[in-house]
Structures are given as C-alpha cells and as structure tokens.
Amino acid sequence: MTLFKNLDCMSQKEWPLWEVFIRSKQGLDHKHVGSLHAADAEMAVQNARDVYTRRLEGVSIWVVESKHVHASNPDDAAAFYEPANDKVYRHPTFYTVPDSIKHM
C-alpha cells in the first residue's frame, strides 16, 4: 500500500526517463529499442517487457536511467575519431587474409 501511495503522489511527468535495451536471442548483443518513464528500475523493466516484448521478441532486458548514459557529441565526430585515421593497422585492409579462410 505504501508503494502505491508514493507512486500516486508522484506524477508520471516527474518519473525519470529510462533507456531500454533488448537482447533478442542468447549470444546476441542488446539493442536500444526505445525509452520510457518509470518510477524505479523494477517498474522500468516491467514496463519495458510490456511495451517492447509483446511478441516474445526478447530473452533479456536492460534498463538504464537516461541521466546515467554519457555519449560523444555527433558534431565533434571528426575531431573525436581523427586520431584513428593514422593507425592503419586498426583497419582490416592492412591484413592479408589467406585463401584457406572462408566466411570472412
């Protein structure tokens, strides 16, 4: 009862924004599928399940409060990634793949 009382006092507008990541199959990586508002992590996972996996699309759900996600600025991409251009050994074209190796 106390939990619901606290949730009633808090309007949805005040709930934090959560980013939702779903892993579609075992062994694959999690993909960002969207965002939602929820009062806490448990509610965010349950809401993400209801909203983003209605047709059994996932085997795992991650939720991260948006304020904890840090990203580079797309406007700074040229300067941010520039240092990698002078390191040709990081590019796959630097290596020769033997003919005996298939599916590469």
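Modelled label positions at Val45 and Phe80, each set 7 Å beyond Cα in the direction of Cβ, lie 3.0 nm from each other. Modelled this way, with points 7 Å down the Cα-to-C-beta line, the labels at Glu65 and Lys31 are 2.9 nm from one another.
Maximal additional length on extending the Arg23-Ser100 stretch stands at 24.4 nm, based on 0.36 nm per residue less the C-alpha distance. Close amide H partners of Ser60, meaning residues 5 or more places away or on another chain with modelled amide H under 5 Å apart, are Arg23. If the chain linking Lys87 and Leu56 were pulled fully straight, counting 0.36 nm for each residue of separation and taking away their Cα-Cα distance, it would gain 6.9 nm.
Each value in this text was obtained by applying a stated rule to the coordinates, not by laboratory testing. In this text, all values refer to a predicted model and were calculated from it rather than measured experimentally. Every residue, glycine as well, gets a Cβ built from its backbone with ideal geometry; the counts of neighbours run over all protein chains shown.
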